[in-house]
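FYI, it's all coordinate maths here, none of it is from the lab. Computed from a predicted model, the values in this text were never measured in an experiment. Please note: Cβ atoms are built from the backbone with ideal geometry, for glycine as well, and neighbour counts cover all protein chains shown.
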């Protein structure tokens with residue numbers, strides 16, 4: 001009888017641990033913060049809107065390596081997803097022979113800090129033509145699934 005109770009307790013604890021692990025892999029986020037931009041940091045000029053406030057929501061499934069944003073009209077792949085850090089986007093593209101564009105958006109789950117940057121760099125001279133920085137914080141909640 002004791003062995004049966006011990007086995008049942010062990011199974012219950014195992015299933016509860018698996019449920020918590022699944023929750024950590026799937027979650028919703030509500031993030032808010034501000035965006036600032038500079039055109040040509042060598043001669044800093046603020047963009048027309050020096051500081052723009054924003055709020056976005058995300059649904060994240062690390063196990064499936066997918067997420068969607070706001071109304072969740074499109075589910076896309078994460079650039080990288082792990083327990084401590086979620087990289088939504090990390091892309092680099094050449095606009096032309098001398099110009100590179102980079103977009104990156106990252107969430108540090110431990111600090112709940114969200115950072116994103118969009119830069120356009122002049123490769124011939126090495127300086128940035130434009131830089132837009134976004135920072136914020138996120139609160140997580142239960143995963144509501146994908147459509």
Compute the FRET efficiency between residue 63 and residue 92 as 1/(1 + (r/R0)^6), taking r as their Cβ-Cβ distance and R0 = 35 Å, and round to the nearest 0.05.
0.85
Suppose the chain between residue 124 and residue 54 were pulled fully straight at 0.36 nm per residue; how much longer would it get relative to their current alpha carbon spacing?
21.8 nm
Length gained, residue 25-residue 83, 0.36 nm per residue minus C-alpha separation, equals 20.1 nm
Hey, could you grab the Kirkwood Rh for the stretch 26-141? Inverse mean 1/r over distinct alpha carbon pairs, Å, one decimal.
15.3 Å
